[in-house]
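Input: a single structure, listed below in structure tokens.
The values are calculated or read from the model by the stated rules, or taken from the named source; none is laboratory data. It should be emphasised that the depicted structure is a prediction, and the values quoted were computed from it without experimental measurement. Note that we place each Cβ from the backbone using ideal geometry, even for glycine, and neighbour counts take in every protein chain shown. All accessible areas refer to the heavy atoms of the entire protein, side chains included, with ligands and DNA or RNA removed. Shrake-Rupley method; radii C 1.70, N 1.55, O 1.52, S 1.80 Å.
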Amino acid sequence: MTRDRVLPAALGLGTFTAFILAAEALIRLGFVNRFIVPLPSQVAGAFARVVAEEHVVARFFMTAGEALVAGLLLTAVGISLGALLYRVALLRAACETWIAAMASAPIVLMYPLFLVIFGRSAWTIIMIGFMAGLPPVILKTIEGFAGTRQVLVNVGRSFNLTRGQQFVKILFPAALPTIFVGLRLGLIFALINIVGVEFLINFGGLGQLINDLAERYDLPGTYVAICFVILVSVVFFEVTGRIERWLRPAE
Amino acid sequence: MIANAAGKLPTVAPQTSESRALRAEGITKHYTTSEGTITAVDSVSLDVAPGEFLAVIGPSGCGKSTLFNIIGGLVDGYEGRVSVAGETVAGPHASIGMVFQEESTFPWRTVVENVAFPLEIARVSRAERLERARHFISLVGLEGFERRYPAELSGGMRQRVAIARTLAFEPKILLMDEPFAALDEQTRLLLGDKVLQIQQQLKQTTLLITHNITEAVQLADRILVMTYRPGRVKRFVKIDLPRPRSSEIVSSEAFGRYVAKIWSDLREEASRGMQDEETCKRQSGGDGA
């Protein structure tokens, strides 16, 4: 059991270290331009400075908070819309293609429209993140419900379950793993767009910091800020994973 | 005792109305497909007495599963009438519990939570439903596996969980649609023993759908042999083998005679089915030619 948990973690850490060492070597040997990609050792050295001088913790929590609100909206609205489209076949036939098309639309470019509606505030960032993350949550929710094995539905029917009980006791738990895939994809899309809009409108958390540091041509600092964006993503993946394991312990 | 059954195989006379736990009268079901209307079952009538074990056997495509779904109330739009103790069944009925051919345990619930499921729906208190669920788990021989998830069990164990879950519903009639179809022969025979034990212990009225002759003869009091499409009643055969039975009975002479008799009825139907399938494949160019 311990071996099963330690080995993947050790392999992951080893691969990451090897990648960093290879990048360091390639840059030092001149294969990669150090004015475009800084040395990993320089990035490591810049951590303390950026954390102390750039209010990284506050920015981290601001970006994470925006991603959290967008994620909660995605969960409430995305899953509800997915369930509605699953239930109403006509609505699904009418909308599914549009929703799929929306998934590939560069919603971030619509930021002026959102600025007009929500002003230069965190809500603009949250709503763009939410809109960008919505299609995968809706589509995966539909897929999860539609993919529930008919025999499980029949078991429910044989026990005289009401439609509500059928949904809560069978359809929803059966669809949960697929819904969580959608939520994770939605959160990725949301986070990319949140950081992107912070960068574009120069407002808020880590995206604004990346913008500032890039304009100052502080490449190691920029990469440190990017590392914190990755940390937000890691935190959300870990949290969603724990919630999923709590809801579906058998997985 | 087995020698008593060595003579003629009796055909069963219709039962009186008061002795019927389950009755299906003139069941006919048509399906509309792109190739026209297909009659899955045609004028099928059967009675099951309280505590009786009736097996329905027929070749693939004879409408056995359609009949199972109609009696279980999962299919509508059929002709005829299904009644439980004289009450007409329209939709799933509280007196009928169903065990399905496919793996049907809930993977997100433990064994005890799976078995307690119908009691949870019936709003039985948690303590009581867990206690009752443990009773049925013990009945199917799965003590010690209460906290396991279905993914941690074998196919045979999962099917026993499904049977226990249906029994926990305490149905008057147990419907089973080829519950052992996905299992290997040894597991099938041993699980057959377990089902027989439970059926005898609970005096459970049971209707088993199967295509396995050995299984039907091992378990049933009577066997309804169905024709190939459209599924009609070909014959009822009473199985006069002594009870309690176990899988050891399959090696007896009388058992072999019943199997041979039912196979002679089925062979013609199965051949028709095979020819029909070959014709369809040829017509659709699916014969690899």
State all residues of region B:167-208 that are in a helix (DSSP H, G or I) and either β-branched (Val, Ile, Thr) or closer than 23 Å to B:VAL124 by Cβ (or both); if no residue qualifies, say none. B:LEU167, B:ALA168, B:THR187, B:VAL195, B:ILE198, B:GLN201, B:LEU202
I need a count of the residues in region A:125-166 that are within 13 Å of another protein chain (Cβ to nearest Cβ) and of a type in the set (Phe, Trp, Tyr). 1
Quick one: in region B:35-88, which of the residues that are out of contact with any Leu (no Cβ under 9 Å at 6 or more places or on another chain) and among the β-branched types (Val, Ile, Thr) is modelled with the highest pLDDT? B:ILE70
Any hit, region B:52-59, residues being under 25 Å from B:GLY86 (Cα atoms) and open to solvent by 10 Å² or more (accessible area, probe 1.4 Å): yes
Can you tell me how many residues within region B:53-95 are within 12 Å of the chain's Cα centre (by Cα) and within 12 Å of chain A (Cβ to nearest Cβ)? 5
Condition (residue is open to solvent by 50 Å² or more (accessible area, probe 1.4 Å), more than 30 Å from B:PRO171 (Cα to Cα), touching a residue at least 12 places away in the same chain (Cβ under 8 Å) and assigned by TED's automatic domain parsing to the domain that holds A:TYR86) applied to region A:162-175: is it met by at least one residue? no
For region B:147-162, what are the residues that are within 14 Å of chain A (Cβ to nearest Cβ), of a type outside the set (Lys, Arg) and assigned to a loop (DSSP other than H, G, I, E, B)? B:TYR149, B:LEU153
List pairs: first residue in region A:228-251 and away from every other protein chain (no Cβ under 14 Å), second residue open to solvent by less than 80 Å² (accessible area, probe 1.4 Å) and among the hydroxyl-bearing types (Ser, Thr, Tyr) anywhere in the structure, Cβ distance under 6 angstrom, at least six positions apart or on different chains. A:VAL232/A:THR63
Taking the options B:ILE173, B:ILE209, B:ILE223, B:ILE213, name whichever one is touching an Asp or Glu at 6+ places or on another chain (Cβ under 8 Å) and either among the polar types (S, T, N, Q) or within 30 Å of B:ASP42 (Cβ to Cβ) (or both). B:ILE209
Which pairs have Cβ atoms under 6 Å, sit 6 or more apart or on different chains, and link a residue in region B:246-269 that is over 17 Å from B:ARG188 (Cα atoms) to one that is loosely packed, with under 13 Cβ neighbours inside 10 Å? B:ALA254/B:ALA6
Index of the failed condition, B:CYS280 passing every other in (1) hydrophobic (A, V, I, L, M, F, W, C); (2) surrounded by 13 or more Cβ atoms within 10 Å (Cβ to Cβ); (3) assigned to a helix (DSSP H, G or I): (2)
Being buried (at least 21 other Cβ atoms within 10 Å of the Cβ), touching a Gly at 6+ places or on another chain (Cβ under 8 Å), in contact (Cβ under 8 Å) with a residue 60 or more places away in the chain and more than 23 Å from B:ARG109 (Cα to Cα), is that true of even one residue in region A:177-184? no
Any residue at all in region A:215-226 that's touching a Pro at 6+ places or on another chain (Cβ under 7 Å), in a helix (DSSP H, G or I) and open to solvent by 60 Å² or more (accessible area, probe 1.4 Å)? yes
May I ask you to say which residue of B:ALA220, B:ALA216, B:ALA270, B:ALA260 is of a type in the set (Gly, Ala, Ser), farther than 30 Å from B:LEU139 by Cβ and modelled with pLDDT of 85 or more? B:ALA260
Can you work out which of the residues in region B:111-123 that are at pLDDT below 95 and assigned to a loop (DSSP other than H, G, I, E, B) is farthest from the other protein chains (Cβ to nearest Cβ)? B:ARG123
Residue check for A:ALA58: among the hydrophobic types (A, V, I, L, M, F, W, C), within 19 Å of A:ILE126 (Cα to Cα) and modelled with pLDDT of 95 or more: no
Here the residues within region A:23-47 that are free of Cβ contacts under 8 Å to residues at least 24 places away in the same chain and not in a loop (DSSP other than H, G, I, E, B) are A:ALA23, A:GLU24, A:ALA25, A:LEU26, A:ILE27, A:ARG28, A:PRO40, A:SER41, A:ALA44
For A:ILE243, state whether it is in a helix (DSSP H, G or I), within 29 Å of A:ILE79 (Cβ to Cβ), open to solvent by 20 Å² or more (accessible area, probe 1.4 Å) and not aromatic (Phe, Trp, Tyr). yes
Residue pairs, Cβ under 6 Å, 6 or more apart or interchain, first in region A:2-22 and aliphatic (A, V, I, L, M), second assigned to a helix (DSSP H, G or I). List them. A:ILE20/A:PRO40
Looking only at residues that are free of Cβ contacts under 8 Å to residues at least 40 places away in the same chain and of a type in the set (S, T, N, Q) in region B:117-174, which one is nearest to A:ASN154 (Cα to Cα)? B:SER154
